[in-house]
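Quick one: this structure, given as structure tokens, is what I'll be asking you about.
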Amino acid sequence: MKGTHCVVVTAFACDPNLPSEPTIGWTFLRTTMDLCSQDERLDVVAYMNERSKVATDIRLRAMGLQDTVTTVGIRVPRVLRFLEHPSLTRLESVVWSKLTATELVRLTKTRKVLLARHVSFASELLPTPITSLKGTTLTVWGPVGSSGQANVFRIQPRGRQWRWHYLQQLLRDAISSIAAAHTARRVDIVISTSGDLAKAVENSGTRAIVFPNTILDTELIDLIESTRILRRDRGRPMEAGPVRILCVGNLIYLKRFELAISALTDPRLSNATLVIIGKPAMGKANYLASIASTLGVEDRVSFLGQVPRSDVIRNMFDADVLFHPSTREGGSGVVGEATAVGLPVVCFGGTGASVVLLASGASGTELPPVGSLTTSTIARSLLSTASMPRVASDKWGNDRYKQLESGLLQEAWVRNAKAYP
């Protein structure tokens, strides 16, 4: 430690080797490290679970960056090690947060913490250890907020357990607003992937920044650009061939891909084809295949399973419209990729997918999240959206994280200067 101050990054999951949410912690940590390396007054201290520390340290050594950050792995007590089972991760993170809070208080006895950032894996229901920090430290929680719409579960065709999913989402929304407001009152800034959550936070008196955590790495952006050079993306004339619909995501009821299969029964989409990329939950069968068979459209539905990201991008260039009827999520990476390609998107308003679509500036349609929505309306929307111009978004590069973190760091220095003029 050589700086006069330190920036703390806490992220229960901070694994550079895992996809989606665990990688967000790593991405924000790398961004913070890059910014702080330009200021000799600053050191970086990162707290994470012990598993993430092992993976992070290996990556840091491979990059020659092991001396630029202090990583601290927090493991639950031996008697609670059963919480390390993947099915109990959220409970483990609650215990981890309490233990990390104690470590942060201990840190403040020897270091001046300028900025404390807690990067959550989207859930606003879980506590953050940075609430233990007081005084001049600027505390920032997020991105958090998994926007959902319970009424999407009421749309036909419905699964046998749709009522359970519907009630669960309603309960989650109610608890989320209460839990988020409680935590928000104990931090300085909340970064939210949800506009609705941001409003709830601001009503509690805390400043909120709406920021979808979607980001595309440089390699993926390069792949998209190189593929675009070989393609013509000028929109789809209405008189063109059969519409090609694409869905990407895990084959779970939360994603509601059965709505895409059902849309193929509408006369306007009688020749349309549907490609579904993704795998079922572990140990589960592909329940969507039987739905396609029951509806008599199985010959127009292709299940590709889990494929490399390069194949996902290729299919996005080949498709006419991405249908992402997910009921709930934070920042949708799939929608971010589609808008970067220029593929028009159909999703439900008020969800994390719609937040990304609106922020992208690309072509797309938000469906009203109401239980009375019909197959006919969905089919009409898919057809009209497929004819929209292919507008490629440039919003999702690595620099968007750097711009956010740079602004927070500057604000932290201003706060510190006011406290110690």
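The values are calculated or read from the model by the stated rules, or taken from the named source; none is laboratory data. These figures come from a predicted structure and were not determined experimentally. With ideal geometry, Cβ positions are generated from the backbone for all residues, glycine too; neighbour counts draw on all protein chains shown. Heavy atoms of the whole protein, side chains included, go into the accessibility calculation; ligands, DNA and RNA do not. Shrake-Rupley method; radii C 1.70, N 1.55, O 1.52, S 1.80 Å.
Which of the residues spanning region 244-261 are open to solvent by 10 Å² or more (accessible area, probe 1.4 Å) and either of a type outside the set (A, V, I, L, M, F, W, C) or assigned to a loop (DSSP other than H, G, I, E, B) (or both)?
244, 249, 250, 252, 253, 255
With 312, 275 as the choices, which residue is surrounded by 17 or more Cβ atoms within 10 Å (Cβ to Cβ), modelled with pLDDT of 95 or more and either aliphatic (A, V, I, L, M) or touching a Pro at 6+ places or on another chain (Cβ under 9 Å) (or both)?
Selected residue: 275, the only one of 312, 275 that is surrounded by 17 or more Cβ atoms within 10 Å (Cβ to Cβ), modelled with pLDDT of 95 or more and either aliphatic (A, V, I, L, M) or touching a Pro at 6+ places or on another chain (Cβ under 9 Å) (or both).
Which one of these does residue 328 not meet: (1) within 30 Å of residue 151 (Cα to Cα); (2) modelled with pLDDT of 95 or more?
Of the numbered conditions (1) within 30 Å of residue 151 (Cα to Cα); (2) modelled with pLDDT of 95 or more, the odd one out for residue 328 is (2).
Output the number of the condition that residue 133 fails; it satisfies all remaining conditions of (1) exposed (fewer than 14 other Cβ atoms within 10 Å of the Cβ); (2) touching a residue at least 24 places away in the same chain (Cβ under 8 Å); (3) of a type in the set (A, V, I, L, M).
(1)
Mind listing whichever residues of region 382-403 are touching a helix residue (DSSP H, G or I) at 6+ places or on another chain (Cβ under 9 Å) and either more than 30 Å from residue 246 (Cβ to Cβ) or of a type in the set (Gly, Ala, Ser) (or both)?
Once the filter is applied, which keeps residues that are touching a helix residue (DSSP H, G or I) at 6+ places or on another chain (Cβ under 9 Å) and either more than 30 Å from residue 246 (Cβ to Cβ) or of a type in the set (Gly, Ala, Ser) (or both), region 382-403 yields 392, 393, 397, 402.
If you don't mind, another one. How many residues does region 19-69 hold that are open to solvent by 60 Å² or more (accessible area, probe 1.4 Å) and over 21 Å from the mean Cα position of the chain (by Cα)?
Residues flagged as open to solvent by 60 Å² or more (accessible area, probe 1.4 Å) and over 21 Å from the mean Cα position of the chain (by Cα) within region 19-69 amount to 16.
Follow-up question, since we're still on this one. Within region 174-182, can one find any residue that is touching an Asp or Glu at 6+ places or on another chain (Cβ under 9 Å), buried (at least 24 other Cβ atoms within 10 Å of the Cβ), among the polar types (S, T, N, Q) and within 27 Å of residue 13 (Cβ to Cβ)?
Checked against the condition, which is being touching an Asp or Glu at 6+ places or on another chain (Cβ under 9 Å), buried (at least 24 other Cβ atoms within 10 Å of the Cβ), among the polar types (S, T, N, Q) and within 27 Å of residue 13 (Cβ to Cβ), region 174-182 yields no hits at all.
Cβ contacts < 7 Å: first residue closer than 12 Å to residue 260 by Cα, restricted to region 371-384; second residue surrounded by 16 or more Cβ atoms within 10 Å (Cβ to Cβ) and of a type in the set (D, E, K, R), any location; separation 6+ or different chain. Result?
Within 7 Å, the pairs are 375/266; 376/266; 379/266.
Search region 152-170 for residues that are under 20 Å from residue 260 (Cα atoms) and pair each with any residue that is acidic (Asp, Glu) and surrounded by 18 or more Cβ atoms within 10 Å (Cβ to Cβ) when their beta-carbon atoms are under 7 Å apart and the residues are at least 6 apart or on different chains.
157/258
Quick one: in region 339-363, which of the residues that are touching a residue at least 40 places away in the same chain (Cβ under 8 Å) and of a type in the set (Gly, Ala, Ser) is most open to solvent (accessible area, probe 1.4 Å)?
Checking each candidate, the answer is 359.
Let me ask something else about it. So which residues in region 312-348 are of a type outside the set (A, V, I, L, M), under 23 Å from residue 213 (Cα atoms) and in a helix (DSSP H, G or I), if there are any at all?
333, 336, 337, 339
Looking at region 385-421, which of its residues are assigned to a helix (DSSP H, G or I), surrounded by 13 or more Cβ atoms within 10 Å (Cβ to Cβ) and aliphatic (A, V, I, L, M)?
The answer is 386, 404, 408, 409, 412.
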